[in-house]
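Just below is one structure, and these are the notes that go with it.
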Amino acid sequence: MSAHVCRARKRSGRWIVAASMAALATVVVEADARADNAECIKGFEQGTAARERGKLREARKHFVTCAADTCSKTLRVDCAKLLDDVDDSMPTVVFGAKDARDADVFDVTVYVDGEQVVGHDQGKAVPFDPGRHVVRFEREGSKPVEEKGLLRA
């Protein structure tokens, strides 16, 4: 009978240690979740502020952050919807340049508001914020061409 009591105590002791380890793991996971959640909330707040200022490209980056799997489900759903709204309202431009014979030219560097546009030469739509923009086309051996325009959401 005393051997039985000794085994019961050992099992009980193991169970208490296991329960303590599980509680400690839960605290660590909850602390990580709070840290992740802080980043998620920050992404939501910054994305919303950028969207209100008409900075859709910036807003999109923040909404991608808070729509991540690491964020709470409620925030993820809200951010995913806002991300879709931003994508739907963001204007895009497909750039093209032609020479004097009306032939497509590919060795052109394009700048929008002083920032070089990467990937324009692949015929793909490039997203921009709505508003006024200055587009500059540069080609070696030619005078630069500058156009001003308004992009609408």
Give me the net charge of Val135's neighbourhood, meaning all other residues with Cβ under 13 Å from the Cβ of Val135; Lys, Arg count +1, Asp, Glu -1. -2
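Using the Cβ atoms and a cut-off under 15 Å, what net charge is assigned to the surroundings of Asp113, where Lys and Arg are +1 and Asp and Glu are -1? It would help to have the intermediate numbers written out before the result.
Numbers: positive: Lys55, Arg57, Arg132, Arg136, Lys148; negative: Glu58, Glu115, Asp129, Glu138, Glu146, Glu147.
That works out to -1.
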What's the magnitude of the charge dipole for segment 80-138 around its Cα centre, counting Lys and Arg as +1 and Asp and Glu as -1 at the beta-carbon? Answer in Debye, nearest 20. 120 debye
For Thr70, what accessible area in Å² do you get when you roll a 1.4 Å probe over the heavy atoms of the protein chains, rounding to the nearest 10? 100 Å²
Using alpha carbon centroids, what distance separates segment 75-98 and segment 108-153, in Å? 18 Å
Calculated FRET efficiency, Val134 and Ser89, Cβ-Cβ r, R0 25 Å, to nearest 0.05? 0.70
How large is the accessible surface of Val105 in square angstrom, using a 1.4 angstrom probe and rounding to the nearest 10? 20 Å²
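Report the local net charge at Phe44: Lys and Arg +1, Asp and Glu -1, summed over other residues whose C-beta lies under 12 Å from its C-beta. All intermediate terms of the calculation are to be shown ahead of the outcome.
Numbers: positive: Lys42, Arg51, Arg76, Lys81; negative: Glu39, Glu45, Asp78.
Cβ neighbours under 12 Å give a net charge of +1.
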Calculated from backbone phi, Karplus (6.51, -1.76, 1.60) coupling profile of segment 111-124 in Hz, x at Gly/Pro: 10, 10, 6, x, 9, 5, 8, 9, x, 5, 7, 9, x, 9
Highest average packing first - 71-82, 139-150, Cβ atoms within 10 Å: 71-82, 139-150
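The values are calculated or read from the model by the stated rules, or taken from the named source; none is laboratory data. The shown structure was predicted, so the numbers you read here are calculated from the model rather than taken from an experiment. With ideal geometry, Cβ positions are generated from the backbone for all residues, glycine too; neighbour counts draw on all protein chains shown. Surface accessibility is based on the protein's heavy atoms, side chains included, excluding ligands, DNA and RNA. Shrake-Rupley method; radii C 1.70, N 1.55, O 1.52, S 1.80 Å.
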